[in-house]
Amino acid sequence: MKEKLTSLDTALAPIASGASVMFGGSLLRRQPNAAVRHLIARGVKDLTVLSWAGTTAIDMLAAAEAIRRYEGIYVGLFNYGLAPNFRRGVQSGRIEVRDFSETAMVARLRAAAQGLRFLPIRTLFGSDIAARNPEQIKTFACPFTGEPVQAVAAAETEFTIIHGYKGDKYGNVQWPVVRDTDDMDQPMAAAAKRLIVTVEKIVSHEEVKRQPSLTYIPGQWVEAIVEVPHGAHPVACDTIYDEDDAHMRDYVARCATAEGAAAYLDEFARSVADHEAYLDKIGAAHLASLDVSGGAQ
Amino acid sequence: MKEKLTSLDTALAPIASGASVMFGGSLLRRQPNAAVRHLIARGVKDLTVLSWAGTTAIDMLAAAEAIRRYEGIYVGLFNYGLAPNFRRGVQSGRIEVRDFSETAMVARLRAAAQGLRFLPIRTLFGSDIAARNPEQIKTFACPFTGEPVQAVAAAETEFTIIHGYKGDKYGNVQWPVVRDTDDMDQPMAAAAKRLIVTVEKIVSHEEVKRQPSLTYIPGQWVEAIVEVPHGAHPVACDTIYDEDDAHMRDYVARCATAEGAAAYLDEFARSVADHEAYLDKIGAAHLASLDVSGGAQ
Amino acid sequence: MNDQSATFTTNELITAYLARQIEDDDLAFVGVGTNGRAFTLAVGIPLAAVRLAQMRHAPGACVYWGNLLEPDLSEIPEKLTQDSLTHWQAAACPPDTGTKCDMLMRRAFDVCFNSAAQIDRFGNMNITAIGDYRQPKVRLVGCLAQPEHAAFVRRPYIVVDLDKRTFVEEVDFITSVGHYKGGSSRTETGLSEGGPRLVVTNKAVFDFAPGSKAMRLVSLHPGVTREEVLDLMGFVPEVSEDLGETPAPDAEELRLIRHDIDPNHILLRV
Amino acid sequence: MNDQSATFTTNELITAYLARQIEDDDLAFVGVGTNGRAFTLAVGIPLAAVRLAQMRHAPGACVYWGNLLEPDLSEIPEKLTQDSLTHWQAAACPPDTGTKCDMLMRRAFDVCFNSAAQIDRFGNMNITAIGDYRQPKVRLVGCLAQPEHAAFVRRPYIVVDLDKRTFVEEVDFITSVGHYKGGSSRTETGLSEGGPRLVVTNKAVFDFAPGSKAMRLVSLHPGVTREEVLDLMGFVPEVSEDLGETPAPDAEELRLIRHDIDPNHILLRV
């Protein structure tokens, strides 16, 4: 086994402006926000971004004007409303979007994981999702029945970033037995070319191998693993900490204008030295108030 | 939720001669042998049988001359050698076979689970698996690149029978955290039209819902669930009991001839009143010697 | 307003009405969505309706919520934070959302509830963008699984407030295809039989007329007039010959909603 | 027989030879298969070879065995019953075999080891049926994942005993496609670049000649003659201009195999 434990700096260094990157997590869970703040601090721009239900990770990148193109099923802030910066980016024409429905995006991820150029679905006949995207969604005839089927192109990005629960230095990432799974983190990991995982905690390989079925991202699929406690803040990492309601409200309020959003990123991404400094800024007592690890089994 | 707990008699009653049935389990684990013995005792014949790596379940059905057609990736007895009755059936021309490789069979199961007529693979170019089965494996052009791709037909059977670890009366079936997964039981369950599950033990719904991520077969997918302790005997149900080496050796020895196989089935399937009588025949002390539940976490 | 209108809220009326649409053993998809009124329409009312159906006539009815299959609706969390959702007990929690997508495609869902920013005469909906797709006036959330609900679920119910900006002649972007351009045009695109069953609003209920598949007014909520409804729409719907009044919730339904299902006003808040 | 032949077994020779083919960080697929000599060829020798490579020059090499990813090869279970396999500690145990199939299709495996009842000049193999497919003389096990190993793994190694009934001019059924009909015919079928790398037998080692892609004798095990090899084959292979002797295991390799890897003669039993 190969050791893959490294720093956020080293892990994210290969991601340059112009890259294509898939971000894990869904809604207010496990958005790889620490990694995103790091990319923003580095001034990476012009990204092609893919996600499942994207919230803070995508919206902060949009605020940094780092997204050229977005492909996915959703960008919003869940119960905090629409994603203000992503909206501005799309409405101004700065961000080009290709929308995909859930079965389409699942097929795209599975195709990449299976080394296939496409997989078929039957969902999008008549929709503008297909009509506006002939280069990634094509109708063809079922080889058995001749009936129409839609091919959706594999989701192939140069990099994939996922935030997980715990992992070992070889990159094996495990989830708790009771967890939330309203996401596509595992299929994304399987579909990844270069997979960077941040985890709440590095544990021993001995702990991992006692319950191998809890490994949802095998180290074999991983290029780099980084210990980043509270790496999803201000959203939740379920069973460890809950979403930060006060911070989310503040984020939404400040992002009412592009200037406010820029000031937010200056304060929380660009002017902090690193993730530790970010956590210091948020404050240990405040972080402790989000802790839910007592409820986990 | 709907109660689905019933008897083996009632659960299997709809399966008549001529039906198509998929059997779960793989190699020497979780073959639904009690259900198979019941079908044999009932004299069901002329089945179209599908499996992943089939061993005792398929070979006993072959011994009963109950299989007209087989489709799957493997029939053998793992470390006990080739499957003697299946061999005789195929070599005599009585059983018609269509072979599928693992990616082909996986695609067939997933297609059925996704309501699709087919899914594509790129595995079988040039093979006789494809050449001898043009009705279920067809080459077509990738809608994006024009390159050849192979469509494999969905695995659609009228019935699916799976043996699982524990379940509740609503049909929710759970696996242990540490388990063997070298099988396709979950995808088979997803692909099933009418799914009959036998389990080692019925537990309370309260126990199930405390760890919902351990439910690998949701009750929603299940038509009937039956408590059948040692339902996989003489093969293993991992974490509960190991394979019965003595019985397996005896099986192989007796099945050296068709007459010997028929006598085996008379003794263990046709002349026993029910599964309880079968277990009495095997003997409590002998069954206890196979117990490995102490090792499970 | 008639006498009854003071005795129940519109949300209660809609909840009871939808509950009566649920059949025993139905599997209903409920989204996880958003905030405020959108939450009530997409999550609160549907959860309350299925629970009411369970308690009244459909004990086998279930929901798939988020990625929880059959969460225990007798104990809906009081606070819908991520952690309370994670610990909400359920029959199953599949490994990822792909399981739900597969169930959608193989038509395992009987019922779903959807809301939208725009809906047209044939039940096509838009939750993606208002205005030009490439440089929209308002960028919305995207698609989620709304296209698959409309494509594959046997009985989709649309729950949306009546408003001229919502009920439009033509949606700016077809996120999900309902009855497409009416008649048999839906299946001619390649989609399965189906399409939205009912549109349940804060003022009235619509179905889709056999044949034309155009939206058709079938009942007015107590105290609401036909003119009031037509004034709130950007197109003129068909009107049923049997146009009647939406049945009011009975006392038992109201008691269950208020005392058992939503005592803390989480589901039917706004 | 030369002097060395008494100092190591053929199984040890093959194990050490294959171990030297393993590169650091290789992911190797090993099957779970069968009994007796077939077990030694398909499971025992490959597991021992990867473990030896780990201990010598490839610490990052790993196996996928059954459905266990990176089982701990420093503690191979003494008894390969189902339960000991279930409790063999590993880095990961994916939810079903589909995960492995996906990894095969996306070419995540560097190495695999395969055995067969028949193999032809171009490395096409048969584990399905001897004789006519519809009414065979001998029905074998089927296919398992051998077709995907041959199609997608970067460096497949075939481990099989030399025998006229095994090395045939034409296999009765092409279960897995090697170099098909030679030359560029493999990729012309639609398969990716690749095909079997080496055929390692109990008597000699073969590769596939560049250009023709026909099986080519490259080394004879110590004490084995070219004639002896050709007599055991149903077709005449090409012969390398550099035909040499298969390198013998060194003392350290033998020590590791005998004392650390297989002290109880489970892997290299027969």
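What follows is calculated from the coordinates using simple rules that are stated; it is not laboratory data. In this text, all values refer to a predicted model and were calculated from it rather than measured experimentally. Here the Cβ positions follow ideal geometry from the backbone for every residue, glycine too, while neighbour counts run over all protein chains shown.
Among the GluC sites (Glu not before Pro) in the stretch C:167-270, those located in a DSSP loop and surrounded by at most 13 other Cβ atoms within 10 Å of their own Cβ are C:169, C:170, C:193.
With the simple model of a label 7 Å out from the Cα in the direction of the Cβ, residue D:239 to residue A:288 spans 8.2 nm.
Using a 10 Å cut-off on Cβ to Cβ distances, tally the other chain neighbours for every residue of B:88-101 and report the average as a whole number. Could you put the intermediate results ahead of the total?
Details: counts 1, 1, 8, 9, 2, 4, 1, 1, 2, 7, 0, 12, 3, 14.
If you average over the peptide's residues, the count of other-chain Cβ atoms is 5.
Looking at chain D only, what percent of DSSP beta bridges run antiparallel? Nearest 5 please. Roughly 45 percent of the DSSP beta bridges within chain D come out antiparallel. Using only side-chain charges placed at the Cβ, +1 for Lys and Arg and -1 for Asp and Glu, the dipole size of the protein assembly as shown relative to its Cα centre rounds to 2020 debye. Across the stretch A:102-153, the convex hull enclosing all Cα atoms gives 72 Å³ per residue.
Taking N as the number of residues in the stretch D:115-246, what is its alpha-carbon radius of gyration divided by 2.2 N^0.38 Å? Numbers along the way, then the final one.
Working: Rg = 14.2 Å, N = 132, 2.2 N^0.38 = 14.1 Å.
The reported ratio for this selection is 1.01.
Fully extending the segment from residue D:132 to residue D:226 would add 30.6 nm, taking 0.36 nm per residue of separation and subtracting the current Cα-Cα distance.
What stretch of chain D, leaving out the sites themselves, is the longest with no trypsin sites (Lys or Arg not before Pro) in a DSSP loop having at most 15 other Cβ atoms within 10 Å? Numbers along the way, then the final one.
Working: sites that count: D:79, D:107, D:134, D:137, D:164, D:165, D:269.
Answer - D:166-268.
Relative contact order (percent) for the stretch D:115-246, with alpha-carbon contacts under 8 angstrom and 6 or more residues of separation?
On the way: 297 pairs, mean separation 34.9, N = 132.
Dividing the mean separation by the residue count of the stretch D:115-246 yields 26 percent.
Given +1 at the Cβ of Lys and Arg, -1 at the Cβ of Asp and Glu and no other charges, the dipole of the stretch A:102-153 around its Cα centre is 140 debye to the nearest 20. Rounded to whole numbers, the Karplus 3J(HN,Hα) couplings from phi for the stretch A:82-90 are 6, 8, x, 6, 4, 3, 4, x, 6 Hz, using 6.51 cos²θ - 1.76 cosθ + 1.60 with θ = phi - 60°, and x at Gly and Pro. Taking θ as phi - 60° and the Karplus parameters 6.51, -1.76 and 1.60, the scalar couplings of the stretch D:210-224 work out to x, x, 6, 6, 8, 4, 9, 6, 10, 7, 9, 5, x, x, 9 Hz in sequence order, x denoting glycine and proline.
The other copies place their residue A:267 label points at 8.2 nm from this one, listed shortest first, where each point is 7 Å from Cα along Cα→Cβ. Label-point spacing at residue A:294 relative to the other copies reads 3.9 nm, in ascending order, each point sitting 7 Å out from Cα along Cα→Cβ.
Based only on the alpha carbon positions, what is the Kirkwood hydrodynamic radius of the stretch D:1-157, in angstrom? Numbers along the way, then the final one.
Details: mean 1/r = 0.0597 Å⁻¹.
Averaging 1/r across every pair of different Cα atoms and inverting gives 16.7 Å.
Nearest-to-axis residue in chain C, judged by Cβ distance to the rotation axis that brings C onto D and given in whole Å, is C:95, 3. Here's how it looks for residue A:217: its modeled amide H is under 5 Å from those of A:173, which are all 5 or more places away or on a different chain.
Placing unit charges on the Cβ atoms only, positive for Lys and Arg and negative for Asp and Glu, gives chain B a dipole magnitude near 840 debye about its Cα centre. For residue C:265, the point set 7 Å out from Cα toward Cβ sits 8.2 nm from its twins in the other copies, listed from shortest up.
How many Cβ atoms of partner chains, on average, are near each residue of C:187-193 if near means within 10 Å of its Cβ? Write out the running numbers ahead of the final one.
Details: counts 1, 2, 7, 10, 7, 3, 0.
Counting other chains' Cβ atoms within 10 Å and averaging over C:187-193 gives 4.
Pairs from the table (A:209/D:79; C:100/D:100; B:4/C:100; D:100/D:203; B:45/D:100; B:45/B:201) lying more than 24 angstrom apart at Cα are D:100/D:203; B:45/D:100; B:45/B:201. Among residues other than residue A:95 with Cβ under 10 Å from its Cβ, the summed charge is +4 (Lys and Arg +1, Asp and Glu -1). Annotation: amide H of residue C:245 within the under-5 Å range of C:220, sequence separation 5 or more or interchain, hydrogens built in the peptide plane.
Projected onto its three principal axes, the C-alpha set of chain D covers 48, 43, 34 Å, listed from the longest axis down. Post the alpha-carbon centroid distance, the stretch C:20-41 to the stretch D:195-210, in whole angstrom. The stretch C:20-41 and the stretch D:195-210 have Cα centres separated by 62 Å.
Using the Karplus relation 6.51 cos²θ - 1.76 cosθ + 1.60 with θ = phi - 60°, the per-residue 3J(HN,Hα) values for the stretch B:6-21 come to 8, 9, 4, 3, 5, 5, 8, 3, x, 7, 10, 3, x, 6, 9, 9 Hz, with x marking Gly and Pro.
Averaged over the residues of peptide A:77-83, the number of Cβ atoms from other protein chains lying within 10 Å of each residue's Cβ is 5. In terms of its Cα atoms, the protein assembly as shown spans 104, 71, 53 Å along the principal axes, sorted from long to short. Please identify which residues in the stretch B:74-118 have an amide N closer than 19 Å to a label point set 7 Å out from the Cα of residue C:193, following the Cα→Cβ vector. Flagged as within label range: B:115-117.
Counting only DSSP beta bridges with both residues in the protein assembly as shown, the antiparallel share comes to about 40 percent.
Among beta bridges identified by DSSP and lying wholly in the stretch C:139-262, the antiparallel ones come to about 50 percent. Between the alpha-carbon centres of the stretch C:108-176 and the stretch A:90-131 there is a gap of 17 Å.
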